[in-house]
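Worksheet: one structure, shown below.
All of the numbers you see were taken from the coordinates with simple rules; none came from a lab. The structure displayed is predicted, hence computed values, not measured ones. Counting neighbours? That spans all protein chains shown, and the Cβs are built from the backbone with ideal geometry, glycine included.
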Amino acid sequence: MNKQAFLEQLRRGLRGLPQEDIEERLNFYSEMIDDRIEEGLSEAEAVAAIGTVGDVVSQILAETPLTRLVKEKIKPKSPINPWVVVLLILGFPLWFPILAAVFAIILAAYIVVWSVIISLWAVFVSLIAALLGGVFSAACNAVCGRILAALSMLAIALLSAGAAILMFFVCLAATRFVIWVTKKIAVGIKHMLIGKETV
Amino acid sequence: MDIQLKRGLLDVCVLAAIKDKDSYGYQIIKDMKPYLSLSESTLYTILKRLETAGMLTVRSAEHDGRLRKYYHITDSGIARIEEFKEDWKEILSIYRFVVKEEENE
């Protein structure tokens, strides 16, 4: 493959990224190929040394934050048909509530998931509080000479401590799982935005 | 290797490659080749990251009728290399401790 063809394919593969990013990347690869040619490689060898277009695109995609991809996607690429505008305005009472509802549902689902995580941590914190309260109360009772009450309070404190230790690992695992799922979904959305255009 | 560790190492290697003299993309790859192989895409990302962090500056200069980008290390880039050296002194001493433990087993 010659340099021109490589850069053209790369440009097509990167469609969906901001324009200035694409230009900068292409200039970078172009310079790399030229430098190899200058060193004595043939054009085809210099291009082959960079790797396949598909590999390069996948790597760039993996390194680009989702927000950049989305920002570029919502920029209109061609002038909008006036009829589409009329329809959009007339249909506003219809599509806007639906769109808003969809976003609200997605947001609500996400909040629900995090609420579970927060409530798990809340249980953990309250167990710690029970531990501290138990120890304090045991100390008070011991000072006042109520040995039985002091011992039972101490038992409660120890139970809370044990439960808190278990709870900590449950909370940690649950939080990690949700973060992992969020990342997976983000990568999935990225692929929906750009994946189909790669070579 | 741990991805975070590798990222940090690569950053410092690239800074070291431009420390004595301004350099350009292909030269950096060639200089690093004996130690670690680096793809163009990875280098691009590292250079971008270092530029954003203010550890290097970029200028375009004409070379043989075309433009080439040259990378110049800043004071904070040099400081990063020094920091790296200090960190690794510590890591090396921990390494010696770990290896010694294993030998005694």
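The table for this structure:
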item	result
Projected-area average for the protein assembly as shown over all orientations - Cα convex hull basis, square nanometres	28.9 nm²
Assigned charges on the beta-carbon of Lys, Arg, Asp, Glu; the range B:1-95 dipole about Cα centre (debye)	340 debye
Of A:184/B:30; A:184/B:69; B:19/B:100; B:33/B:69; A:3/A:183; A:190/B:69, those spanning more than 24 Å from alpha-carbon to alpha-carbon	A:184/B:30; A:184/B:69; B:19/B:100; A:3/A:183; A:190/B:69
Simple spin-label estimate for residue A:149 and residue B:78 in nanometres, 7 Å along Cα-Cβ	7.1 nm
Radius of gyration and Dmax over the Cα atoms of the range A:101-197, both given in Å	21.8, 78
Which of B:80, B:96 has the fewest Cβ neighbours within 10 Å, and the rest in rising order	B:96, B:80
Taking the range A:101-197 and dividing mean pair separation by its residue count, relative contact order in percent (alpha carbons under 8 Å, at least six apart)	30 percent
Between 0 and 90°, nearest 10: helix B:40-52 axis offset from chain B longest Cα axis	90 degrees
On Cα atoms only, tilt of B:3-17 relative to the major axis of chain B in degrees	50 degrees
Residue-wise HN-Hα coupling along the range B:89-98, computed from phi with Karplus coefficients 6.51, -1.76, 1.60 (Hz; x: Gly, Pro)	4, 5, 4, 5, 5, 5, 4, 4, 4, 5
Helix A:147-194 vs. chain A, principal-axis angle (Cα, 0 to 90°, nearest 10)	10 degrees
